[in-house]
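Okay, so here's the structure we're looking at.
The values are calculated or read from the model by the stated rules, or taken from the named source; none is laboratory data. All values reported here derive from a predicted model rather than from experimental measurement. A quick note on method: Cβ atoms are made from the backbone with ideal geometry, for glycine too, and the neighbour counts reach across all protein chains shown.
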């Protein structure tokens, strides 16, 4: 199966754009959750997208369009693990040296949109989510903002559906507890 | 899932993931269109000039100097490094001397009991090894009875609060 690649009047227009506009934010969020930095998240997302495009264009993709998102979650995760292994030594060195620089977060590092939500609360939520161990936060990100089922998450992470569900539940509880603690301390 | 968690879940759902900025969207789109030309390998960023200077020999010398200074400082501190401080929970033997005119040695322990006052679920925490635990706050009261040779009885009560972590299985 190939993607139609052009329209008559306005020259070549990729149909990937429409799909990216619809799903790109969810995928970037997941990539951000899987990596340490925004630049890494973008690289990982790009690698995974290229692999999807290659498979689809060459007709090697198994399944329909609805299977693209589970494929992307799996691929982003793999790319993040590979990138982490490749760059671990280099990154540790960089973080030591440019730690202060990393502490200065720009708005492009934000995981969520600021509009329509209390900014302070958003930052707290985001911080608490980032502090959560990855095995919990990845399930939460896929479930809440990716709209994946526990069965799909289980398949993506190669764990049982029940494990995915219990990681989600305990992760949500831990997240709420962190935020309750922040509220009691007066941070919220 | 209880109502509070459900409410919290709904609150999370109201947060929208950051949209792809136009330049990033264009970059991703271009990469997908040019999948044939795309080099699959991620080329690592070249280290910046300012950073590499810090990693050089001078930087290592500076680190070594700080380490030596720290060690010397530790030796000069009065009393050096102390072990863990006494905790409030540890029984204080001298506490019984507070009763004026009574020698603590003349009282012998007769009875000790612990009564459970309350236990409350404090939610789930994740420990450093990434394992979830349920936190139970357990309040109890310790009762101690002492008696001396004259048959005088001394009772002591001490409230106790403990937080018990119960490991939860996820896989």
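Below is a table of values for the structure above.
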quantity: Matching residues, the range B:104-127, being outside any strand (DSSP E or B) and either modelled with pLDDT of 90 or more or touching a strand residue (DSSP E or B) at 6+ places or on another chain (Cβ under 7 Å) (or both); calculated: B:107, B:127
quantity: Tally of residues being under 15 Å from residue A:119 (Cα atoms) and surrounded by 15 or more Cβ atoms within 10 Å (Cβ to Cβ) across the range B:1-25; calculated: 5
quantity: Looking only at the range A:20-32, and only at residues there that are surrounded by fewer than 23 Cβ atoms within 10 Å (Cβ to Cβ) and more than 9 Å from chain B (Cβ to nearest Cβ), the one that is nearest to residue A:142 (Cα to Cα); calculated: A:23
quantity: Residue tally, condition surrounded by fewer than 16 Cβ atoms within 10 Å (Cβ to Cβ) and either in contact with a helix residue (DSSP H, G or I) (Cβ under 8 Å, 6 or more places away or on another chain) or free of Cβ contacts under 8 Å to residues at least 12 places away in the same chain (or both), over the range B:124-134; calculated: 3
quantity: Verdict on residue B:39 being at pLDDT below 90, more than 23 Å from residue A:20 (Cβ to Cβ) and exposed (fewer than 11 other Cβ atoms within 10 Å of the Cβ); calculated: no
quantity: Failed condition for residue A:120, given (1) within 16 Å of the chain's Cα centre (by Cα); (2) loosely packed, with under 14 Cβ neighbours inside 10 Å; calculated: (1)
quantity: Failed criterion for residue A:53 (all others in (1) more than 8 Å from chain B (Cβ to nearest Cβ); (2) closer than 20 Å to residue A:65 by Cβ; (3) at pLDDT below 95 hold); calculated: (1)
quantity: Residues being in a strand (DSSP E or B) and surrounded by 13 or more Cβ atoms within 10 Å (Cβ to Cβ) - total across the range B:139-155; calculated: 10
